[in-house]
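Since the structure comes first, as structure tokens, the remarks are kept for the end.
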Amino acid sequence: MSTPFYVSPQQAMADRAEYARKGIARGRSVVVLQYTDGVVFVAENPSRALHKVSEIYDRIAFAAVGKYNEFEALRIAGVRYADLRGYTYDRADVTARGLANVYAQALGSIFSSAAEKPYEVELIVAEVGNAPEDDQIYRLPHDGSIVDEHGSVAVGGNADQISSYLDQRHRDGMTLGEALKLAVESLSRDNNGGERALAADQLEVATLDRTRPQQRKFKRILGRQLSRLLEENGTAASDEAADDASDSEGTSGSEGGAGTS
């Protein structure tokens, strides 16, 4: 009788984590930013049918990267949990924290189970509050841990590089246009430090807008509205650069005149 091949629990977990991380890294990134009126979600996603960003409940939205069939199953389970809890108790009892805990338990159980492979997904659950300080953003990696994020967060692809870029440039009180411009700039950067152009039809954009009069705060930004926001910010950036160049030319001319006199 042959002796079973032994793998230590630590090595088995490390192998499962590496497997999940490689699957997640193959997905295109998603960026979530706080702005003055809520939370904006920006994903590189040319598909108009397979969404990476979706509404869960009145003030709660969901974003994910990785294997679509796996995170779509989690999204549907989250919608069912929210609907049941809101119907059984009260709509105000459905919170991003509660939903994140449910997802954490599910992902943790799957990750630690030897009977099935770990999910190749990373999730973001966000809730918009009545004021910016009440907004909640939670990131859930493949192992079911919960990370409480503030300001900005990126998942998938080259998330570390994008997160570093966002941390240096994101600030409180940004308008939607400014936050969208920053998100697109971060997604357009590649691993080698170069940049590529991302058009409106390559992006999936949605917001949780606290200023909406409706009870449901989720809204997709599509078509002409998205193109206009991108064009307005691109034009504003070009005008600002031109003004800076004009100012520097005028200054250098004055200095030159002073030097010759």
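Points to keep in mind about this one:
- For the stretch 122-135, taking the residues that are open to solvent by less than 40 Å² (accessible area, probe 1.4 Å) and not aliphatic (A, V, I, L, M), the one that is farthest from Asp37 (Cα to Cα) is identified as Glu122.
- When the residues of the stretch 38-65 are filtered to those that are open to solvent by 30 Å² or more (accessible area, probe 1.4 Å) and in contact with a helix residue (DSSP H, G or I) (Cβ under 6 Å, 6 or more places away or on another chain), the one that is farthest from Asp93 (Cα to Cα) is Pro46.
- Selected residue (only one of Ala20, Ala49, Ala63, Ala14 is within 16 Å of Leu187 (Cβ to Cβ) and aliphatic (A, V, I, L, M)): Ala63
- Residues in the stretch 165-176 that are part of a helix (DSSP H, G or I) and under 14 Å from Val32 (Cα atoms): Tyr165, Leu166, Asp167, Arg169, Leu176.
Residues checked against (1) under 25 Å from Gly27 (Cβ atoms); (2) of a type in the set (A, V, I, L, M, F, W, C); (3) touching a Gly at 6+ places or on another chain (Cβ under 8 Å); (4) modelled with pLDDT of 90 or more:
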| site | (1), (2), (3), (4) |
| --- | --- |
| Asn192 | yes, no, no, no |
| Gln202 | yes, no, no, yes |
| Asp209 | no, no, yes, yes |
| Ala241 | no, yes, no, no |
| Ala245 | no, yes, no, no |
| Ser248 | no, no, no, no |
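- Pair list, Cβ under 6 Å, 6 or more apart: the stretch 71-85 residue modelled with pLDDT under 95, other residue surrounded by 17 or more Cβ atoms within 10 Å (Cβ to Cβ) and assigned to a helix (DSSP H, G or I): none
- One residue stands out in the stretch 148-189 among those that are among the aliphatic types (A, V, I, L, M) and in contact with a Phe, Trp or Tyr (Cβ under 6 Å, 6 or more places away or on another chain): the one that is surrounded by the most Cβ atoms within 10 Å (Cβ to Cβ), namely Ala179.
Residue-by-condition table, conditions (1) touching a Cys at 6+ places or on another chain (Cβ under 9 Å); (2) within 17 Å of Arg59 (Cα to Cα); (3) open to solvent by less than 70 Å² (accessible area, probe 1.4 Å); (4) not hydrophobic (A, V, I, L, M, F, W, C):
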residue: Leu84; (1), (2), (3), (4): no, yes, no, no
residue: Thr88; (1), (2), (3), (4): no, no, no, yes
residue: Arg97; (1), (2), (3), (4): no, yes, no, yes
residue: Ala100; (1), (2), (3), (4): no, yes, yes, no
residue: Tyr103; (1), (2), (3), (4): no, no, yes, yes
residue: Phe111; (1), (2), (3), (4): no, no, yes, no
residue: Ala115; (1), (2), (3), (4): no, no, no, no
residue: Glu120; (1), (2), (3), (4): no, no, yes, yes
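The values are calculated or read from the model by the stated rules, or taken from the named source; none is laboratory data. The structure displayed is predicted, hence computed values, not measured ones. Glycine gets a Cβ as well: all are built from the backbone with ideal geometry, and neighbour counts include every protein chain shown. Heavy atoms of the whole protein, side chains included, go into the accessibility calculation; ligands, DNA and RNA do not. Shrake-Rupley method; radii C 1.70, N 1.55, O 1.52, S 1.80 Å.
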